[in-house]
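Structure record follows, encoded as structure tokens.
Bear in mind these aren't lab numbers, they're just calculated from the coordinates by the rules spelled out. These figures come from a predicted structure and were not determined experimentally. Quick reminder, even Gly has a Cβ in these numbers, built from the backbone with ideal geometry, and neighbours come from all protein chains shown.
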Amino acid sequence: MPTATPPRQFRLIIVGGGIGGLACAIALRAPDREIIILEASRMNKEVGAAISITKSWGIEDELKRGGGAVDSGFQIFRTDGHLQMKSKSQKPIPLPFKTSDYDADRLCFHRVDLHESLKGLATDPSRPGNPATIRVASRVLSCDCESGIVTLENGETVQGDLVVGADGIHSKIRASVLGKEVTASPTGLSAYRLIIPKEKLLTIPHVSAMMTDDNPWTTMLLGRDCRVVMGPCREQSLLSIVALVPDQLMNEQASTSWTAQGSLEDLLKSFDDFPPWIKDTFKACPDISLWQLRDMEALPTWYKGRTILIGDAAHSMLPLQGQGASQSIEDAEALGYFFRDIVAAEEKKDHVTRRLEQVFEARNPAEFMDYNCRYSGAEAWLTGSRAAATAKSAA
Ligand SMILES: Cc1cc2nc3c(=O)[nH]c(=O)nc-3n(C[C@H](O)[C@H](O)[C@H](O)COP(=O)(O)OP(=O)(O)OC[C@H]3O[C@@H](n4cnc5c(N)ncnc54)[C@H](O)[C@@H]3O)c2cc1C
């Protein structure tokens, strides 16, 4: 008797192996699924400064082991050096996220460490579910969203039952989903990013304490149109600084580049009226980069056929609330939830599209503050919104 061919596994193609793409692979790992990540870069020189996550997602312990530092408070200085916001005990204002009803620490990572930890969780064969395969140097040019066929720069095509466009702010999959190009535009702000080893900071007032106290905190200095936000990462061995300035230099370069080498001289000029100790901190930085901050109008949709956008490809945002990484991880979790019971490749396209619609609906609520801080997964969010709607209609 001929033996029946086993059904082909459900194949997930993730375009982009950044924070959102790797989180998506972790969320969708299952025994009966094949997960392929197509990443344009060679993944051998990841860059970035600090990145924060304020969510409970069940992998915090692994992420902490990968260098995530708990942020325990904050303080704010004025440009004249006066400490504007501190607690009554003259200490930084505590951020007791873990013990509040937010129930999660605010974890600060070097982006490279977070990326490495997520890569490990996505590809580790000892974890439950098939590990993801990462294909580096695989730049995708476009996608046929209905059939789930992506076309790579080298002409190769790869077909998936589900395609996730996690290809960041300059997404190619976005144009395939929307049927037209939508690009992120300059916002008038640029950010200097600095990473400074702790050893260079130990004699600088206010900064040295932040780097050596057992409970590190975030420090902000607020001026009229310039501001500094800084805090330790990589277990307090590095200080990460983001210094926001009006975008003088990069608008002219916008069509070709959004990152540039930063000039210490220009940085010091922009922060001329700030306290001397922050300028000494800038001077201790071996390598300054300058990033243009871009933003995008809300997209009318994130999905089409077998394809969905997540992370910066779907909703690139300014870093002012530190939500870029968290939001892409939440998108991934929602995909994991709505595809939790999908089994084999015969899953009909309409069923896939319906699930993608549910992801889009779950990820677009208006109550953004509660959402930023209380979100604990798609199921809990849906249950909570339904309960609120029922209470409202009963009132
Ligand atoms: C180099 C870099 C450094 C960053 N540094 C910081 C930081 O220090 N602090 C911070 O708050 N945020 C930083 N961000 C932004 C932050 O990582 C994102 O906002 C957030 O994590 C959303 O993740 P994402 O997966 O949507 O996008 P990203 O994390 O940007 O990942 C997108 C991935 O897609 C890949 N890709 C792009 N185009 C293609 C294509 N055509 N085909 C295949 N792959 C493609 C990219 O190489 C990248 O790996 C950085 C982003 C990048 C790319």
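Find the centroid of the Cα atoms in region 145-161 and in region 164-241, then give the distance between the two in whole Å.
With region 145-161 and region 164-241 each reduced to a Cα centre, they are spaced 34 Å.
Averaged over all directions, how much area does the convex hull of the C-alpha atoms of region 160-204 cover when projected, in nm²?
Averaged projected hull area, Cα only: 6.5 nm².
For a bin width of 10 Å, list the pair-distance distribution of region 120-217 built from all Cα-Cα distances, rounded to whole %.
Calculated over all Cα pairs of region 120-217, the distribution is 12, 25, 20, 22, 16, 5, 0 percent.
Need the list of aspartates and glutamates near K348 for cross-linking: C-alpha distance under 14 angstrom, and skip anything on the same chain fewer than eight residues off.
E146, D161
Fewest first, what order do K349, K172 take by the number of other Cβ atoms within 10 Å?
Ranked by crowding around the Cβ, least crowded first: K349, K172.
Quote the convex hull volume per residue of region 168-253, based on C-alpha atoms, as a whole number of Å³.
151 Å³
Under 14 Å from the Cα of K279, which aspartates and glutamates turn up, not counting those fewer than eight places away in the same chain?
D80, E265, D266
Of K119/K172; K91/K200; K119/K198; K119/K180; K200/K269, which ones are farther than 25 Å apart at the Cα?
Exceeds cut-off: K119/K198; K119/K180.
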